[in-house]
Amino acid sequence: METLSLLADGFAVALTPNTLFLAVVGCFLGTIIGALPGLGPSNGVALLIPLAFSLGLGATESLVLMTSVYYGAMYGGRISSILLNIPGDEPALMTTLDGYPMAKQGRAGDALVLSGVASFVGAFLATIGLMLLAPMLARVAFLFGPAEYFALYMLAFCTLGGIASNNQAKAAIAACIGLGIAMIGLDNSTGLPRFTFGELHLMDGVDFLVAIVGLFAVTEVFVFIESHGRSSAIGVTLGKITIPFRDIGRSMVSMLRSTVVGFVAGILPGAGASLGSFLAYMSEKSLVRDNHFGKGDPRGVAAPEAGNNAAAGGALVPMLTLGVPGSGTTAVLLALLLTLNITPGPLLFTERPEVVWGLMASLLIANFVLLVMNVPMVKIFVKILTVPPWVLLPMVTMISFVGIFSLSGSTFDLLLMIGFGVLGFFFRKLDVPTVPIILGILLGNDMEDSLRRAMTISDGDPTYLFSSWIAIVLWVAAVLGFVAPMFLRGVLKKPQAVTD
């Protein structure tokens with residue numbers, strides 16, 4: 001009853017005209033930012049913080065605007081992933097695996113509607129979980145130390161090379177390449193350069209956005225030119241755009257399971273929406289037997305979208321209750337709170353309840369705004385695929401180059417992006433998956449830091465990596481995830497005919 005009373009007070013704040021207007025504006029801007037390849041929610045929130053201060057917004061209004069942008073960007077990231085095979089941000093990476101094949105089959109509208117509904121389910125339930133379980137779930141984060149995080153990352157890579165892949169060897173090689181790229185730059189512990197070959201531009205390492213835009217956007221341009229458009233979604237005849245009730249009903253269980261997985265991943269500091277999206281997709285691929293994952297299965301769109309949006313809500317738990325950001329975007333939001341003289345932590349719920357509960361009520365409203373806003377706009381989004389290739393491809397290339405250059409201001413990064421595009425093209429011809437490379441780059445530094453901290457704490461004792469029941473469970477799951485398919489592939493991966 002106390003929670004409902006506090007939520008009612010929150011709605012009293014959220015339903016004021018100014019706050020409601022800011023929530024709608026934030027959702028719209030976030031959707032546009034998420035759809036632009038390379039920006040993503042963290043950059044979008046960071047770019048709009050000066051706007052909040054220039055408008056003279058109060059603490060609650062500023063937080064509502066920025067979190068609405070955050071949620072909107074999580075929604076918007078799916079648009080370019082599905083239509084152009086270009087992830088709008090890191091969490092949208094997994095959506096490309098089945099969303100883009102659906103677009104190539106003429107079902108881009110169905111994929112966009114389905115992803116919008118899955119995003120709503122994941123974000124809405126995560127917001128409710130944030131309200132009901134925040135104090136209790138914050139304690140889960142305390143159970144994860146460096147050994148547990150390292151085991152979690154190992155589980156991610158072992159699952160990627162096992163159940164989740166058609167070819168374990170190629171997936172493992174690709175993951176190792178990604179981890180190798182992640183090691184480029186200055187060593188975090190010693191400050192010495194590694195694998196830079198004397199190139200000053202590589203001292204800071206390889207930017208994730210450079211790699212992802214090169215491996216997806218630039219590679220897609222090369223593939224289109226080489227195949228004369230036969231293997232692209234551009235120019236595909238689109239079916240009638242309707243609400244795919246059958247796919248939504250079939251994917252509902254996947255959405256609910258993925259919401260739980262994503263929410264828990266979001267709570268863990270440092271894991272965030274990227275890992276939540278990945279784990280949600282992989283768990284569904286291993287649980288669902290009659291699937292065409294990777295070939296346009298609607299559940300392959302619903303699972304990562306529900307997972308990454310649930311993780312976005314889960315990432316707010318450690319930020320509000322512990323003052324520990326659960327993702328890059330919540331780190332930016334934490335900086336905003338501190339700038340506004342608001343100290344996150346357990347006392348925040350008692351000292352500034354209007355901020356906390358006004359935020360939660362606004363997030364509930366933002367989810368409905370995003371659902372109502374995004375589903376009707378699907379007809380506008382899919383028009384992108386009807387643009388002639390000779391117009392669209394130069395635009396995609398230009399946006400990719402301008403986006404990367406605006407973030408780094410380095411022509412070297414542009415050349416590096418082209419290099420990744422060439423690498424992605426050859427990997428596509430050799431049927432080597434590029435997703436493990438991206439995940440290796442994304443998780444490699446965190447994985448290395450976790451291992452170093454574990455070894456420092458244990459004075460170099462490797463048994464420390466197996467010192468808790470959580471770590472042991474994760475290690476066992478990782479081994480089983482990689483080894484089991486070798487013996488059970490006939491059960492887990494029955495050959496299936498691809499249907500249009």
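The values are calculated or read from the model by the stated rules, or taken from the named source; none is laboratory data. Please read these numbers as outputs of a predicted model, since none were measured by experiment. Note that we place each Cβ from the backbone using ideal geometry, even for glycine, and neighbour counts take in every protein chain shown.
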Inset, instruction - Could you grab me the full set of residues in the range 356-374 that are β-branched (Val, Ile, Thr) and either outside any helix (DSSP H, G or I) or buried (at least 24 other Cβ atoms within 10 Å of the Cβ) (or both)? - result: Val356
Inset, instruction - Just one of (1) at pLDDT 80 or above; (2) under 26 Å from Ser115 (Cα atoms) trips up Pro17, so point out which. - result: (2)
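The rows are residues; the columns are (1) over 28 Å from Gly424 (Cβ atoms); (2) at pLDDT 75 or above; (3) in contact with a Ser or Thr (Cβ under 8 Å, 6 or more places away or on another chain).
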position	(1), (2), (3)
Ala233	no, no, no
Val236	no, no, no
Val260	yes, yes, no
Gly272	no, no, yes
Leu275	no, no, no
Pro298	no, yes, yes
Legend entry - Residue identified as among the hydrophobic types (A, V, I, L, M, F, W, C), at pLDDT 75 or above, within 25 Å of the chain's Cα centre (by Cα) and within 30 Å of Gly106 (Cβ to Cβ) among Val378, Val369: Val369
Inset, instruction - Could you please let me know if Pro37 is assigned to a helix (DSSP H, G or I), within 26 Å of the chain's Cα centre (by Cα), at pLDDT below 75 and surrounded by 21 or more Cβ atoms within 10 Å (Cβ to Cβ)? - result: no
Inset, instruction - Restricting attention to the range 428-466, report how many residues are polar (S, T, N, Q), at pLDDT below 85 and in a loop (DSSP other than H, G, I, E, B). - result: 1
Inset, instruction - Among the residues of the range 79-128, write down those that are assigned to a loop (DSSP other than H, G, I, E, B), within 17 Å of Ala311 (Cβ to Cβ) and among the β-branched types (Val, Ile, Thr). - result: Thr95
Inset, instruction - Kindly check whether there is at least one residue in the range 353-363 that is within 21 Å of the chain's Cα centre (by Cα), of a type in the set (A, V, I, L, M) and modelled with pLDDT of 75 or more. - result: yes
Legend entry - Residues satisfying the stated conditions in the range 418-462, i.e. small (Gly, Ala, Ser), under 26 Å from the mean Cα position of the chain (by Cα) and farther than 28 Å from Val221 by Cα: Ser450
Legend entry - Pairs, first under 12 Å from Leu416 (Cα atoms) in the range 196-219, second outside any helix (DSSP H, G or I) and among the small types (Gly, Ala, Ser), C-beta under 6 Å, six or more apart: Gly205/Gly185; Leu209/Gly38; Val213/Gly38
